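The values are calculated or read from the model by the stated rules, or taken from the named source; none is laboratory data. Because the structure is a prediction, the values reported are computed rather than measured. SASA here: full protein model, heavy atoms, side chains in, ligands and nucleic acids out. Shrake-Rupley method; radii C 1.70, N 1.55, O 1.52, S 1.80 Å.
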Amino acid sequence: MFKKIMKGANRKASKAEANDSSMYGFDPPGRSGPGSNMIVNHASRGSLVPSSPGSMAATTQPPPMYSVEPLPLFRDVSVSERQSLFLRKLQICCFQFDFTDTLKNAREKEIKRQTLLELVDFIQSGAGKLSEVCQEEMVKMISVNIFRCLPPASHENTGQEPADLEEEEPYLEPSWPHLQLVYELLLRYIVPSDTDTKVAKRYIDHSFVLRLLELFETEDPREREYLKTILHRIYGKFMVHRPFIRKAMNNIFYRFIYETERHSGIGELLEILGSIINGFALPMKEEHKLFLIRALIPLHKPKPIAMYHQQLSYCIVQFVEKDYKLADTVIRGLLKFWPVTNCTKEVLFLGELEEVLEATQTVEFQRCMVPLFQQIARCLSSSNFQVAERALFLWNNEHVVGLIAQNRGVILPIIFASLEKNIESHWNQAVHGLSANIKRMFMEMDPELFEDCQQQYEEKQAKSKQVEEQRQSRWKRLDEAVEEREREDPMITS
């Protein structure tokens with residue numbers, strides 16, 4: 001009999017829960033559902049430390065809420081009650097809503113938005129130091145809202161071949177009116193100098209940071225901008241997380257380079273990295289040099305490099321400016337991944353190469369100048385005028401011209417043929433004119449070397465012409481032999 005009574009009670013409880021969900025049209029906090037099944041595990045968190053004397057009165061957890069109703073403003077309650085009110089407002093902000101239908105739960109959505117605004121203002125005003133319970137519950141609320149399954153990319157929905165990332169329209173998060181305020185709240189919690197990092201790191205832990213990094217895959221540029229600012233602030237404020245963040249970013253780059261070649265947030269991650277590299281101490285750690293070789297240089301390989309090349313180029317140049325001895329490594333890395341058939345990508349590489357050469361010293365330049373100018377010679381003679389023109393623009397840079405002038409004995413023989421061919425036969429007048437100017441520059445710089453190169457070029461051309469004539473002569477003799485044989489034996493043709 002007792003078992004039957006208990007079974008009946010369980011059935012009634014489950015029916016009541018089902019009625020709650022259907023009544024409100026959203027998921028109450030703490031209830032398993034599509035928007036609220038978020039559990040935040042803080043492995044690094046110990047037992048709660050008692051509130052400091054300067055904080056407000058210790059707060060207890062309020063009872064759970066099952067509906068969204070407006071609460072009084074912070075200014076309308078006494079100072080001693082504000083932390084308790086803060087927790088109740090956090091509960092309201094844990095409710096999840098369907099934003100695909102703008103009319104559904106419009107009143108509740110507006111209440112949540114206003115509540116989020118109040119929380120942001122309360123944190124920003126510094127009206128009172130938050131107790132640890134409030135900090136923990138706030139990070140839980142933030143986690144419930146921002147950590148979610150991102151929608152699949154358009155090509156994953158349709159099964160079609162993935163389109164060019166630059167041509168795709170980004171997916172804009174419909175819940176952004178709430179999400180933006182949640183991110184703003186997190187930012188206002190992290191940024192202030194009076195935030196106790198020893199307490200905050202219990203809640204902003206490795207698990208939280210890793211999930212934050214996963215959100216960089218969102219297509220919404222507004223969200224990525226907030227994520228970039230927040231992660232940068234976390235890196236600056238929580239020194240304990242720095243090696244972990246660098247390693248996690250490394251793993252994202254590896255997956256992008258060698259597996260997917262699709263990630264919306266590579267540019268933003270590289271922006272953060274640019275400022276991190278700027279703060280590296282000298283002499284540079286071996287870990288940082290390996291990061292350059294294994295992650296940053298291979299980022300030149302993926303096809304959608306145009307999406308993040310500006311940020312990547314900045315990071316690469318930062319490394320060379322920090323340690324000029326890395327110039328040879330960087331230039332050889334660029335040559336390794338130099339595009340063969342993608343002219344747009346080749347123009348980007350030439351622009352980056354010029355920036356790297358500006359920070360390159362003579363000794364490092366001499367180590368790589370032969371393979372470097374063999375590649376530049378190929379660019380000079382490219383039939384694509386943008387590639388040829390961008391390569392010729394290298395001679396507009398005074399530092400690069402200085403490096404070339406010091407090593408003209410090696411460089412001019414490598415590029416002389418390309419310059420001559422441009423002057424003789426290139427279809428683009430701009431390329432023709434720039435090639436003639438560079439030829440004149442070398443002639444004035446070192447007349448003897450120029451004469452030697454001219455003579456070698458003419459001898460080589462004469463030899464090539466002679467070889468071609470001999471080849472034509474052999475083909476002619478072969479044709480005559482075939483014709484003679486056909487005349488002797490008419491059956492061959494039949």
> P(r) for segment 294-405: what percent of alpha-carbon pairs falls in each 5 Å bin, starting at zero?
Replying inline: 2, 12, 25, 26, 22, 11, 3, 0
> Can you tell me the Rg and Dmax of segment 322-365, counting just the alpha carbons, in angstroms?
Replying inline: 11.1, 33
> Mind checking Rg over Rh on segment 291-343, alpha carbons, Kirkwood formula for Rh?
Replying inline: 0.96
> Roughly speaking, to the nearest percent, how much of segment 312-414's 1.4 Å accessible area is carbon and sulfur?
Replying inline: 48 percent
> Accessible area per residue of segment 133-282 at 1.4 Å probe, in Å²?
Replying inline: 45 Å²
>> Just to confirm my numbers, what's the Cα centroid distance between segment 99-144 and segment 430-494 in Å?
In response: 78 Å
> Over segment 427-485, what percent of the accessible surface lies on carbon and sulfur atoms, probe 1.4 Å?
Replying inline: 50 percent
> How large is Rg over Rh for segment 385-428, taking Rg from the Cα atoms and Rh as the Kirkwood inverse mean of 1/r across Cα pairs?
Replying inline: 1.00
> With all protein chains present, how much of the accessible area of segment 180-303 (probe radius 1.4 Å) comes from carbon and sulfur, to the nearest whole percent?
Replying inline: 51 percent
>> Considering all projection directions equally, how large on average is the shadow of the alpha-carbon convex hull of segment 173-291, in square nanometres?
In response: 8.1 nm²
> What is the log10 of I(q)/I(0) for segment 397-494, computed with the Debye formula using one identical point scatterer on each Cα and no solvent, at q = 0.15 Å⁻¹?
Replying inline: -0.71
> Measuring from centroid to centroid over Cα atoms, what is the spacing of segment 64-81 and segment 221-235 in Å?
Replying inline: 30 Å
> With no solvent and one point per C-alpha, what does the Debye sum give as log10 I(q)/I(0) for segment 444-494 at q = 0.19 Å⁻¹?
Replying inline: -0.72
> Accessible area per residue of segment 365-452 at 1.4 Å probe, in Å²?
Replying inline: 47 Å²
>> Using the alpha carbons of segment 335-457, what is the convex hull volume per residue in cubic angstrom, as a whole number?
In response: 97 Å³
